[in-house]
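Read through the structure below, which is laid out as structure tokens, and then see the notes.
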Amino acid sequence: MADEALTAGAVARRLGVAVTTLRTWHQRYGLGPSRHVPGHHRRYTPEDMDRLQVMRRLTAQGVPPAEAAAWARRVPVPIDMPETGIAAQPDARPELPPGEAPPQRTRIDAIWPELTGRLTVTTRDGGGHAIRTGRAGPAARGLARAAMRLDAPALRDILEMAVVSRGVVATWDEVIMPVLVGIGDRYEATKRFIEVEHLMSRGVTEVLSAVPRPPSYRDPRVLLAAADEEQHTLPLEALAAGLAERGVPTRLLGARVPPQALADAVTRTGPIAVVLWSQLPETGDPSQWDRLLSSGHAPLLSAAAGPGWPAEGLPEGVVRLRSLGEGVHLISAAVTPDAV
Ligand code: B12
């Protein structure tokens, strides 16, 4: 069997922390390497790595290091937790090329939701460059901090764990949205931190697109698109992920879809439901529905979503979606009426 023990440098790279941070965690909190290799520095075992992952995820969420270390030292967590959990779920990813190992879900992935459920997180909103997240919980505050630090690995960890433990809709409403709104407000007030907005957007995209999709033999009957010249797509990505969780496949065209392209896509794929997202008033011209609605292939459900659409004046037959949860519910019902 291959020797899985790792050097400090390798561990630091995997975790995305500095070697000096590892040293501090070792000296102050006893989270050091436990494998002794004669004639070498000590090495980190997979169990050491599990502990360090807990340490990094918790500190990224704003848990004070001493408390995080106390939890980390308890890994594997001595609680009445089944060995199975998430780790036992079949991996819905496509087949890998021969010889390539599948990405391993670690024990940490399995115990994490349970662990975070037991935490009493005592975080404070930072001043200065902090993103305000209002009354949002610790996960959103940790996410805001990770975004502000441009700490992409921590940002992903928090998002992944939120999706695993709460599902897409609650993660979007309780964790992602408050941070996006906070970033937007921060930008408006300072005209700065565009890099934060970009990193956050990228992380959200990655995590939402990693939510397992329904099997590929099932033809998507839902078409999602951003309005003409509209670059904001994250809410549609959340909708695609939320529907995937309910077993509903989607076809996501993404940003800036011209009306003719939308009408063509509808004609070619015959969706039951179409959602067109407009974030900005400039992209919410109701007349862009005309081509689609007059194409002879109008879907059963045509939905306008996003704050860019005017309060009045949408064509007859176009319904308005007001939240992600409502979108997931309505579209699931339209596509699989018996299942809802
Ligand atoms: C991320 C982001 C970007 C990213 C988008 C990346 C991506 N892939 O989507 C990038 C960097 C590309 C971007 C670009 C721009 N952006 Co921008 N962006 C944002 C940010 C931070 C989040 C956007 C978002 O996803 N919002 C979704 C949720 C969080 O917000 P919401 O729609 O208001 O939510 C409400 C409802 O829609 C509903 N809801 C929420 N989620 C869902 C989901 C579904 C399915 C449904 C049905 C409903 C629903 O609930 C909420 C409460 O009612 C916002 C800040 C903000 N407050 O939204 C700025 C913001 C929207 N952007 C803004 C601007 C100005 C721009 C740019 C013009 C900047 C520029 N100068 O280039 C360009 C736009 C170019 C274009 N033509 O589209 C302004 C818009 C101001 C305005 N009202 O006109 C905002 C508000 C920032 C600000 N405060 O200044 N942006």
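Taking the Cα centre of the range 143-261 as origin and charging only Cβ (+1 Lys, Arg; -1 Asp, Glu), how large is the dipole, in debye to the nearest 20?
Values: 14 positive and 16 negative charges, 43 e Å.
Charge dipole of the range 143-261: 200 debye, to the nearest 20.
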Once Lys and Arg are counted +1 and Asp and Glu -1 for all other residues with Cβ under 13 Å from that of ALA66, the total becomes +1
Per-residue HN-Hα couplings for the range 304-313, Karplus 6.51 cos²θ - 1.76 cosθ + 1.60 at θ = phi - 60°, whole Hz, x for Gly and Pro? 9, 9, x, x, x, 6, x, 4, 10, x
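At 1.567 mPa s and 4 °C, plugging the Kirkwood radius over alpha-carbon pairs of the range 157-235 into Stokes-Einstein gives what diffusion coefficient in µm²/s? Can you show the working numbers first?
Details: Rh = 14.3 Å.
Result for D is 90 µm²/s.
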Descending semi-axes in whole angstrom, ellipsoid equivalent of the range 178-298, from the Cα gyration tensor: 27, 20, 9
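Can you list which of the trypsin sites (Lys or Arg not before Pro) found in the range 241-340 are DSSP loop residues with at most 14 other C-beta atoms within 10 Å? The partial results should precede the final answer.
Working: sites: ARG246, ARG251, ARG256, ARG268, ARG291, ARG320, ARG322; in loops: ARG246, ARG256, ARG322.
Sparse-neighbourhood loop trypsin sites (Lys or Arg not before Pro): ARG322.
We did not get these values from a lab; they are worked out from the coordinates using the rules stated. No experiment lies behind these values; they were computed from the predicted model shown. Neighbour counts run over all protein chains shown; Cβ positions are idealised from the backbone, glycine included.
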